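The structure appears right after this line, and notes come after that.
The values are calculated or read from the model by the stated rules, or taken from the named source; none is laboratory data. This one's a predicted model, so the numbers in the text were calculated from it and none came from an experiment. Cβ placement follows ideal geometry from the backbone for every residue including glycine, while neighbour counts extend to all protein chains displayed.
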Amino acid sequence: MLMLRQRGERSGRVAAPAVGIGMVFHFVSVVETAGLYGYANLMTIRQAESSLALLIAIIFTVLYLRYKTATPAALIFPLIFLLSFASAISQHQVAISRSSLYSGWIFFHVSTLIFGYAMLFLSFVSSLLYLVMARQLKSKQSSSWVRRMPALQEVDELGYKALLLGFPFMTIGLITGSVLAEEKFGASFIGDPKVVLSLLMWAVYLTLLYTRWSAGWRGRKAAYLASVGFAVAVCAWGANYLSKLHRFVAP
């Protein structure tokens, strides 16, 4: 919460380099895991959480370099911490047969989904910032952190661009996973809770894109719908622990 106070930018000057150092060590850890146990172990749920935390930290660094403000860290850092902590407390080596990887297609499936999740999270953060900033500006009592942020329209555009970038990766990841699941489990895979929630998440984001293109939704309406989509995305991620299709990645 220091990022939202008067001295938030001072904290940001310390936090940003610290995040950079942490990203280097985090990346080295991922590479060492792949080198010691094989890239198959990067397919576990815990390692996926670790990779997602690393990617979100990279996104924060890019935002900090682009906009010269650490304010978004107040929303981004808690998720990085939770993902890293959840991953660190349950790291185990997993034996996964090479044949189950379908010549690397599962690795491609997981990688595209992780990137898609990261971009959709950025879209949600932008939407949340838009809602808070709009309320502050409307009341004409804007806080110091609002004055440090880019213009309201630019924040809205950032969320839209993140959505445009993340949605194709999410779509490709879901299609790849569906093909692999159908080949191994048959048509019964469609009833899996992970699949159902993932399709619902995809439908929400498709609706968001459609409403922005056709109806010209911007600002508040788009932000509310993006928040709903993120909530469904969180449920879809949590469904990994209930999914029969994803048991092979459980630690």
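General remarks:
- Residue check for SER50: in a helix (DSSP H, G or I), modelled with pLDDT of 75 or more, touching a Ser or Thr at 6+ places or on another chain (Cβ under 6 Å) and crowded, with 16+ Cβ neighbours inside 10 Å: yes
- Residue within the stretch 154-170 that is in contact with a helix residue (DSSP H, G or I) (Cβ under 8 Å, 6 or more places away or on another chain), of a type in the set (Asp, Glu) and in contact (Cβ under 8 Å) with a residue 40 or more places away in the chain present: yes
- The stretch 194-223, residues that are assigned to a helix (DSSP H, G or I), surrounded by 14 or more Cβ atoms within 10 Å (Cβ to Cβ) and at pLDDT below 80: ARG212, GLY219, ARG220, LYS221, ALA222, ALA223
- One residue alone among VAL146, VAL94, VAL110 is under 30 Å from VAL30 (Cα atoms), modelled with pLDDT under 85 and over 22 Å from the mean Cα position of the chain (by Cα), and that residue is VAL94.
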